[in-house]
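Here's the structure we're looking at; comments come further down.
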Amino acid sequence: MDEALHEQIRDLIKQVPPGRVVSYGDIAELAKAPSPRLVGRILAEDGHDLPWHRVLRADG
């Protein structure tokens, strides 16, 4: 996996303010990632220090 893309996705997730949510697809689109699944994978493998509870599936 591209380390720069990995860090960009982490940074975008860190920027989600309290009280707001975004979808995996929103983060993927902003980061120009190939798939929202990549966002989920990063959260699963390296998201212990991120506000993962603010990132939802597209259907809520």
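Would you call L12 open to solvent by less than 30 Å² (accessible area, probe 1.4 Å), modelled with pLDDT of 95 or more and out of contact with any strand residue (DSSP E or B) (no Cβ under 6 Å at 6 or more places or on another chain)? Criteria not met by L12.
Could you say which residue among L50, L30 is aliphatic (A, V, I, L, M), part of a loop (DSSP other than H, G, I, E, B), in contact (Cβ under 8 Å) with a residue 12 or more places away in the chain and surrounded by 11 or more Cβ atoms within 10 Å (Cβ to Cβ)? Going through L50, L30 in turn, just one is aliphatic (A, V, I, L, M), part of a loop (DSSP other than H, G, I, E, B), in contact (Cβ under 8 Å) with a residue 12 or more places away in the chain and surrounded by 11 or more Cβ atoms within 10 Å (Cβ to Cβ): L50. In the condition set (1) at pLDDT 95 or above; (2) on the phi < 0 side of the Ramachandran plot, A58 is compliant with all but (1). When restricted to residues that are over 20 Å from H48 (Cβ atoms) and assigned to a helix (DSSP H, G or I), region 6-27 contains 2.
The values are calculated or read from the model by the stated rules, or taken from the named source; none is laboratory data. On a predicted model such as this, the values are computed, not experimentally measured, just so you know. Counting neighbours? That spans all protein chains shown, and the Cβs are built from the backbone with ideal geometry, glycine included. Only protein heavy atoms, including side chains, enter the accessible area calculation; ligands, DNA and RNA are left aside. Shrake-Rupley method; radii C 1.70, N 1.55, O 1.52, S 1.80 Å.
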